[in-house]
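The values are calculated or read from the model by the stated rules, or taken from the named source; none is laboratory data. Since we're looking at a predicted model, the values are computed, not measured. Note: ideal-geometry Cβ built from the backbone for every residue, glycine included; neighbour counts use all protein chains shown. With ligands, DNA and RNA removed, areas are computed over all heavy atoms of the protein, side chains included. Shrake-Rupley method; radii C 1.70, N 1.55, O 1.52, S 1.80 Å.
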Amino acid sequence: MTIRNKAEVIDPPQNKDMTDIVECVNSPAKTALKPNVTVSSSVHKLLECPVCLNAMYPPIHQCSNGHTLCSSCKPRVHDRCPICRHELGNIRCLALEKVAASLELPCIYQSFGCIGIYPYHSKSKHESQCVFRPYSCPYSGSECTAIGDIPYLVAHLKDDHKVDMHNGSTFNHRYVKSNPHEVENATWMLTVFSCFGQYFCLHFEAFHLGTSPVYIAFLRFMGDDNEAKNHGYSLQVCGSGRKMTWQGVPRSIRDSHRKVRDSFDGLVIQRNMALLFSGGDRKELKLRVTGRIWKEQ
């Protein structure tokens, strides 16, 4: 897994010219700043559950021989110590619980900008919601494991995935496919737009809904959900005297590509409608999708 937090960023948008694309085939925790805290590896090891290997939080259980484990794993081992197999009973390791209660640690995402110091018992909860936690790569064409902040992911998409980058808040997407019945080999595309000082991912792809191909276009915001809600977008497909329009709010890339796609939160075009937009001869798929992104006032 690759983690980065510094990268070159493409220039911010200078204009809003129409882009033509053709394809053929949570606020930071308000924790008082404290000196950095270093905890020895031996203390970390003491607080590691021998079953799940996660950090243990009160209540911490122990057997009569002093072996400890977390409360979540106690039922899993059928009340038997996983080390010596003695009965666990209801003995608590109060000394280790006091050690845990006294610890204050920096966030695991300190290198990404989080400067808070958190009590041991609430550190994991904070980290699950930390606004500095890295984002996963939004590229949908492969199981990419790269994670990082937004500047790094923008450069990663451009350099490693060769994704098209465009400045502007309007777009014009022509999608052409010779065999409209074929969805195998995942027909999809991703384009990144830079506007309003932010980055947006436009997804367009085909997938199976039951036994029929379905086409969907949707927008994701490269940032957190609270910022995504400050923007809106519209998509429109038209042709052969027909028109279909979608208007919505871009989803944060915190939500996976598959989660957004499977919720149908975008412009969804059934195959029969797609063929009608293409001219009705059922020989070739020709879809023209236009759209616009705006910032809510």
Seminar exercise, completed: Under the Karplus relation with 6.51, -1.76 and 1.60 and θ = phi - 60°, whole-Hz ³J(HN,Hα) for the range 242-256, x at Gly and Pro, equal 10, 8, 9, 10, 10, 10, x, 10, x, 8, 5, 6, 4, 7, 5
Seminar exercise, completed: Output ordering of 55-67, 236-248 (per-residue mean of other Cβ within 10 Å, highest first) is 55-67, 236-248
Problem set entry | Given 259/286; 45/158; 125/162; 74/229, the pairs whose alpha carbons are separated by over 31 Å | 45/158; 125/162; 74/229
Problem set entry | the range 42-102: relative contact order as a whole-number percent, Cα under 8 Å and 6+ apart | 33 percent
Exercise. So how much slack lies between residue 295 and residue 196, counting 0.36 nm per residue of separation and subtracting their Cα-Cα distance, in nm?
Worked result: 34.9 nm
Problem set entry | Solvent-accessible surface ranking, highest first, for 261, 76, 271 at 1.4 angstrom | 76, 271, 261
Problem set entry | Estimated vicinal HN-Hα couplings, Hz - the range 216-230 in sequence order (Karplus 6.51, -1.76, 1.60; Gly, Pro = x) | 9, 10, 8, 10, 10, 9, 7, x, 7, 5, 5, 7, 4, 5, 7
Exercise. Residues with amide H under 5 Å of residue 163's amide H, sequence separation 5 or more or different chain, H placed in the peptide plane at 1.01 Å from N; which?
Worked result: 158
Exercise. With a sphere of radius 14 Å drawn around the Cβ of residue 216, what net charge do the other residues whose Cβ falls strictly inside it have (Lys, Arg +1; Asp, Glu -1)?
Worked result: +3
